[in-house]
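The values are calculated or read from the model by the stated rules, or taken from the named source; none is laboratory data. All values derive from a computational prediction rather than experimental measurement. Counting neighbours? That spans all protein chains shown, and the Cβs are built from the backbone with ideal geometry, glycine included. Keep in mind that these areas ignore ligands, DNA and RNA; they rest on the heavy atoms of the full protein, side chains included. Shrake-Rupley method; radii C 1.70, N 1.55, O 1.52, S 1.80 Å.
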Amino acid sequence: MVSWLGYGNSATVSVIFDDEETREKVPVYAEDESKETHHLFYDGESVTGKVDIKLKQEGKKLEHQGIKIEFLGLIEIYYDRGNHYEFVKLDKDLARPGMLTESCCFPFEFLKVVKQYESYAGRNVRLRYFLKVTISRRLVDIIHEKGIVVHQLSCYPETNSPLKMEVGIEDCLHIEFEYNRSKYHLNDVIVGKIYFILVRIKIKHMELSIIKRETTGSGPNTYNENEQISRFEIMDGAPVRGESIPIRLFLSAYDLTPTMKDVNKKFSVRYYLNLVLVDEEDRRYFKQQEVTLWRKSPASLKPENRGVAALENMRT
């Protein structure tokens, strides 16, 4: 939360939600990678509260050219600092031009706000929602921002087929691996098996990792940033023909987001399971498979707050 105060630091501004004390708060990373906590909202929920303006010196007048509050949704590409892409903008006038002679409070409400994207903070891009209060002045405006976090809920996928793939080197290696599903919610468990059909090379070990790929831009200006979320060894030693190795990976242990595809035509976030085999000569053989992640509605969330999008627009 950042405030810029006008000439003489004449007033401080704060935004207080109506359900400030009871609404859930979640951690979020700022651009400098510091961690903050913001209140959590869902698509379709109203955002209501009050703007509290306190004069630094009671009795001293604060002249202004109007007071307003805005609800904003922005996409910020870090390497394109000059451009912020605004996809939501709602505003309410709180006061006409005039004079504040004492501290005061203004109620506000943004009803059933459409928040079509999930909040996201990545390596090269950030999608954020925030409330912005502006006290317009002749010289320097007084501006105050308060961020929120938005989570997008999804329904259980209508189709969720198992993933089956092969890794092979002709006459040397033939491995089949299978995962129980292709789509997982963020607290799910990935269950699978690896089958060794033909093994004529000496495999030293095998590992499985989760890779997050953040894509920004488009066409020749596309930039991909890969981040290894997790890596663990699933086999140490040489397997034999006919052997099978079980896989069980608990996603709740990792800091994951839902899969995001072509968000406002600015960025995407995809996840991959990366299987790597290493032989005794340290040659690496790998197979990568995309999986879809989605956010399941928490059991504690009231039915009326689950959001229309969770039922109509968020089919995975």
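Structure notes:
- Residues that are among the aromatic types (Phe, Trp, Tyr) and over 19 Å from residue 179 (Cα atoms), drawn from region 224-274: 267
- Matching residues in region 91-145 - criterion: being over 19 Å from residue 60 (Cα atoms), in contact with a His (Cβ under 8 Å, 6 or more places away or on another chain) and among the basic types (Lys, Arg): 132
- The lone criterion from (1) under 19 Å from residue 120 (Cα atoms); (2) at pLDDT 80 or above; (3) acidic (Asp, Glu) left unmet by residue 21 is number (1).
- Annotation: of all residues in region 213-226 being part of a strand (DSSP E or B) and open to solvent by 20 Å² or more (accessible area, probe 1.4 Å), the one that is nearest to residue 258 (Cα to Cα) is 213.
- For region 129-191, the strands (runs of 3 or more DSSP E) that sit wholly inside it and include 2 or more residues that are farther than 30 Å from residue 36 by Cβ are 163-169, 173-179.
Here's the yes/no breakdown for (1) over 23 Å from residue 198 (Cα atoms); (2) out of contact with any strand residue (DSSP E or B) (no Cβ under 6 Å at 6 or more places or on another chain); (3) surrounded by fewer than 15 Cβ atoms within 10 Å (Cβ to Cβ); (4) at pLDDT below 90:
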| position | (1), (2), (3), (4) |
| --- | --- |
| 235 | no, no, no, yes |
| 245 | no, no, no, yes |
| 249 | yes, no, no, no |
| 252 | yes, yes, yes, no |
| 255 | yes, yes, yes, no |
| 258 | yes, no, no, no |
| 266 | yes, no, no, no |
| 269 | yes, no, no, no |
